[in-house]
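Below: one structure, written as structure tokens.
The values are calculated or read from the model by the stated rules, or taken from the named source; none is laboratory data. Keep in mind it's a predicted model, so treat the numbers as computed, not measured. Reconstructed Cβ throughout: ideal geometry from the backbone, glycine too, with neighbour counts over all protein chains shown. With ligands, DNA and RNA removed, areas are computed over all heavy atoms of the protein, side chains included. Shrake-Rupley method; radii C 1.70, N 1.55, O 1.52, S 1.80 Å.
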Amino acid sequence: MATLREVKKRIKSVVSTKRITKAMEMVAAAYLRRAQQRVEQAKPYAEKMDEMLSHLAAAATAEIVHPYFEERDIKKSTLVVIASDRGLCGSFNSNVIRRADQWLQENRSANVELICVGKRVYDYYKKRDWPILEYYGDWGGQLDYDRAKQIVNLLTTRFVLEQTDEINLIFTRFLSMVRYRISVEQYLPVARPEVSDEGKSGVSDYIFEPTSEQIYTALMPSYATTKMVTALTESFASEHGSRMIAMGNATKNAGEMVDALTLDFNKARQAQITKELLEVVGGAEALKG
């Protein structure tokens, strides 16, 4: 059995760790609230953008012509993997990397290049054989719109110049404060909007000024930016939620460990006191004899 001094030292160490994990849990909760607000603000905008594209597709008199819709034989593919810069967020990063590995194995026949968003995913893939086109790190768990635009400009330019034929995103979709899902979405080419018969009947008498093709030309860059910003905001919100849950579990486990160690400390102290009493009683009996 460990000595009283060793047990007391362990209790002090675990209590100190518990304070740290509790503080990290509270910080993550504060970040999560702000990130959740950004997700809630971005989603209606993205949904309205999809609705506008559907209305334009319904009212267009000819086939939609825009470089972002161009479907080509896939000779080269680009995969954008979005994770976090820091750890201590449970299985958040490992789930993203596991899904990315699965996608890469399924598309091994294609010439694939990676764009890593987040230090953790970059540290993982720089030791693998997959070529990394670009790395974007040091986000601090918050959206930087200018850097998001840099990613969008890089992706759209490469697609338009036919340097890549397909671009996919892998990120964590934020469902609620305790629920997340790994999502794989095609970024480019943009899927052509599906128009139902009801949609056609509802917007067939719209008159667009200028033409729908010109509106597409002005709208698609904003659509590409919105899709990337939405993916980043949902990923950051999921990261903070995962970290909050992980640190909450760590704090709970630390509390249980302190209780167990305190019990061991009390048992050891009781055994020591009993031993000392027996020695006193034994000495007294020896003097009597």
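I need every pair where a residue in the stretch 22-41 that is hydroxyl-bearing (Ser, Thr, Tyr) has its Cβ under 8 Å from the Cβ of a residue that is surrounded by fewer than 16 Cβ atoms within 10 Å (Cβ to Cβ), sequence separation at least 6 or different chains.
TYR31/GLN142
Take the conditions exposed (fewer than 14 other Cβ atoms within 10 Å of the Cβ), modelled with pLDDT of 95 or more, in a helix (DSSP H, G or I) and out of contact with any strand residue (DSSP E or B) (no Cβ under 6 Å at 6 or more places or on another chain) and apply them to GLN102. Does it pass?
The answer is yes for GLN102.
Looking at MET257, MET244 in this structure, which one is touching a residue at least 40 places away in the same chain (Cβ under 8 Å) and under 30 Å from VAL39 (Cα atoms)?
MET244
Inspect the stretch 273-282 for any residue being within 30 Å of VAL96 (Cα to Cα), at pLDDT 85 or above and open to solvent by 60 Å² or more (accessible area, probe 1.4 Å) and give the result as yes or no.
Looking for residues that are within 30 Å of VAL96 (Cα to Cα), at pLDDT 85 or above and open to solvent by 60 Å² or more (accessible area, probe 1.4 Å), one finds none in the stretch 273-282, hence no.
Whether any residue in the stretch 121-136 is buried (at least 18 other Cβ atoms within 10 Å of the Cβ), of a type in the set (Val, Ile, Thr) and touching a residue at least 24 places away in the same chain (Cβ under 8 Å) is what I want to check.
Checking the stretch 121-136: at least one residue is buried (at least 18 other Cβ atoms within 10 Å of the Cβ), of a type in the set (Val, Ile, Thr) and touching a residue at least 24 places away in the same chain (Cβ under 8 Å).
I'd like to verify a number: residues in the stretch 137-165 that are out of contact with any helix residue (DSSP H, G or I) (no Cβ under 6 Å at 6 or more places or on another chain), in a loop (DSSP other than H, G, I, E, B) and touching a residue at least 12 places away in the same chain (Cβ under 8 Å), how many?
Total meeting the criteria: 7.
Would you call ARG34 under 16 Å from the mean Cα position of the chain (by Cα) and part of a helix (DSSP H, G or I)?
yes
Please tell me if ARG86 is under 14 Å from the mean Cα position of the chain (by Cα), among the charged types (D, E, K, R), farther than 20 Å from GLU166 by Cβ and open to solvent by 60 Å² or more (accessible area, probe 1.4 Å).
When the stated conditions are applied, ARG86 passes them.
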